[in-house]
1. Taking every DSSP beta bridge that has both residues in the chain, what percent is antiparallel when rounded to the nearest 5?
2. Treat every Asp and Glu Cβ in the chain as -1 and every Lys and Arg Cβ as +1, leave all other atoms uncharged, and give the resulting dipole magnitude about the Cα centre to the nearest 20 debye.
3. How much net charge surrounds Leu179 when only the other residues with a Cβ under 11 Å from the Cβ of Leu179 are counted, with Lys and Arg +1 and Asp and Glu -1?
4. Can you list residues whose amide H is under 5 Å from Thr42's amide H, if they're 5+ apart or on another chain and H is modeled 1.01 Å from N?
5. Do any GluC sites (Glu not before Pro) in the stretch 1-103 lie in a DSSP loop with no more than 15 other beta carbon atoms within 10 Å, and if so, which?
6. I'd like the GluC sites (Glu not before Pro) in the stretch 149-219 restricted to DSSP loop residues with at most 15 other Cβ atoms within 10 Å, sorted by number.
7. Through the Karplus equation 6.51 cos²θ - 1.76 cosθ + 1.60, θ set to phi - 60°, convert the phi angles of the stretch 75-83 into ³J(HN,Hα) values in whole Hz; use x for Gly and Pro.
8. Rounded to whole Å and sorted largest first, list the principal axis extents of the Cα atoms in the chain.
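The values are calculated or read from the model by the stated rules, or taken from the named source; none is laboratory data. Computed from a prediction, not measured in an experiment: that's the story for all the values here. Cβ atoms come from the backbone with ideal geometry, glycine included; neighbour counts cover every protein chain shown. Side chains are part of the model used for accessible areas, which takes the heavy atoms of the whole protein and leaves out ligands, DNA and RNA. Shrake-Rupley method; radii C 1.70, N 1.55, O 1.52, S 1.80 Å.
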Amino acid sequence: MSLVRVHNFSVSLDGFGTGEGQQLDAPFGHAGTRLLEWAFETRTFRAMGLHGESEGSFGVDEAFASQWGPGVGVEIMGRNKFGPQRGPWENEDWKGWWGDNPVFHTPVVVLTHHPRPVLEMEGGTTFHFVDADPASALEQARALAPGMDVRIGGGASTVRQFLEAGLIDHMHCVLVPILLGRGERLWDGLEGLEERFDIEATPSPSGVVHLVFTRRTAV
């Protein structure tokens, strides 16, 4: 069976995976870019189009960031990661934050209560809009990429729902030394999560701590 993975998911010290007030020019709300600044100088994120000051590092942050793609055949994301609209689609002109050639290059399942037709983009990315619970969405995602791993891309509520359902095998979170105070929290309702995973922590010179959660095998 393919694995269900989370990669490069940043959270603040007070547990927020995004800030409050998401809008077109602020995908992470009042958090701005602060949750992702650790990634700006990695080669992986530079290749995605993020702007840094170097040609891209090979350091600790890159070692973790680069695991985002290998082996993954499909992503599942929440509606709020795809765009800032809420409720019924006002129109179907919005095609995501990533331009005509999104970074995924795989099928992407977008969870929404307001499905729309399949959206085919350049580079092999195809967005499928479905109204489904985590288990059903995972079944649909695996059918789109048989034998390949499934990445849960966020946002915070989507990752939390898959954790609540016990569906995540591997999770890489990045603890960022900022306090946001408000937004969408990741950890609410997940008391005892540490009993289900082996957890390793690796500090980085950039100031973040990489946390890797690996699901424990049932005895």
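1. Values: 18 of 41 bridges.
Percentage antiparallel, nearest 5: 45.
2. Numbers: 17 positive and 29 negative charges, 42 e Å.
The dipole magnitude comes to about 200 debye.
3. Numbers: positive: Arg34, Arg182; negative: Asp14.
Spelling it out: positives minus negatives among the neighbours equals +1.
4. Excluding prolines and chain starts, which carry no amide H, the hits are Ser57.
5. Numbers: sites: Glu20, Glu37, Glu41, Glu53, Glu55, Glu62, Glu75, Glu90, Glu92; in loops: Glu20, Glu41, Glu53, Glu55, Glu90, Glu92.
Answer by residue number: Glu20, Glu53, Glu55, Glu90, Glu92.
6. On the way: sites: Glu164, Glu184, Glu191, Glu194, Glu195, Glu200; in loops: Glu191.
Those satisfying the criteria are Glu191.
7. Values per residue, Gly and Pro as x: 10, 10, 9, x, 4, 6, 6, 5, x Hz.
8. 48, 44, 32
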